[in-house]
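Written out below as structure tokens is the structure these notes cover.
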């Protein structure tokens, strides 16, 4: 059907809904986009909405409030002593956490309702047993200290297990920490950088903690020291492997199998369960003969933490002999 023509002067003067709708129907999307792009963005009065003033403050009060930290701010994170044992419920086994096999739970054979209930139960257990989920901003306080060490060792009945870590030692390739820790009282240094290693040395260094090394020398068949260097960066792991000869010269031959370089298998679950929240920080664990974590420390040793470690080692050695 032919559309009625409207005179040009009259069409310019008529501004109604029908003419607007008709004109937008006949325009192409390209024409509309061109007209929209012509509009200047700076023609808006304000580019953002200002934050509302919740409560009026005087110049004096505003200056004091700006210097007072918010208790909810991450900058005021304070590490707390361990309130309960940390670790895994199940004992470790050699061959676990190699980083090559992704183990997934099998839900086959279940109904839709049973599968959902099982997944829900797994989520509840995962979130409920995570002791360190509320720990925030561990990098800005006391050189990354995650938690304060427990003053006394955890009771054996309540203590939980140290996970199996798989890596290479100075003696062989493809070794498991469980084979080394089982049957011995072990002081385990865990770190991922030279800075973290220096922090662990504030607990267990020869020059700093002479009493601990005397215990190691007096009972070599009962207590030992194990180093776990977690290095997931391939280049840095290659550099460590290149200079293994230097590490061998620094350690006795009988201790070559107690220095681990772990490249894979340290999952987020492992880190959150035993408190390895900061890859730059050094950690120290006192593990008994059953691979249970009886004591743990992080960052630089403070206060009586080093003495607490020595008392724990002495008590476990006395129980084992």
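The values are calculated or read from the model by the stated rules, or taken from the named source; none is laboratory data. Remember, it's a predicted structure, so these values are computed and weren't measured experimentally. Backbone-built Cβ (ideal geometry, glycine too); neighbour counts: all protein chains shown.
Could you list, in sequence order, all residues of region 292-303 that are in contact with a helix residue (DSSP H, G or I) (Cβ under 9 Å, 6 or more places away or on another chain) and surrounded by fewer than 24 Cβ atoms within 10 Å (Cβ to Cβ)?
Matches in region 292-303: 300, 302.
Can you give me the number of residues within region 153-184 that are in a loop (DSSP other than H, G, I, E, B) and closer than 22 Å to residue 282 by Cβ?
9
Going by what's in this entry, would residue 312 be described as in the same structural domain as residue 191 (by TED's automatic domain parsing), surrounded by 21 or more Cβ atoms within 10 Å (Cβ to Cβ) and more than 26 Å from the chain's Cα centre (by Cα)?
Here the answer is yes, as residue 312 does meet what is asked.
Which is without any contact (Cβ under 8 Å) to a residue 12 or more places away in the chain and closer than 25 Å to residue 146 by Cα, of 236, 173?
236
Which residue out of 232, 157, 197 is surrounded by fewer than 19 Cβ atoms within 10 Å (Cβ to Cβ) and under 15 Å from residue 293 (Cβ atoms)?
157
So which of 287, 281 ends up being under 25 Å from the mean Cα position of the chain (by Cα), under 16 Å from residue 196 (Cβ atoms) and in contact (Cβ under 8 Å) with a residue 40 or more places away in the chain?
281
Residue 208: in contact (Cβ under 8 Å) with a residue 40 or more places away in the chain, assigned by TED's automatic domain parsing to the domain that holds residue 304 and crowded, with 17+ Cβ neighbours inside 10 Å, yes or no?
No, not satisfied.
Looking at region 110-131, can you tell me whether even one residue there is modelled with pLDDT under 65 and closer than 25 Å to residue 307 by Cβ?
Taking every residue of region 110-131 in turn, at least one turns out to be modelled with pLDDT under 65 and closer than 25 Å to residue 307 by Cβ.
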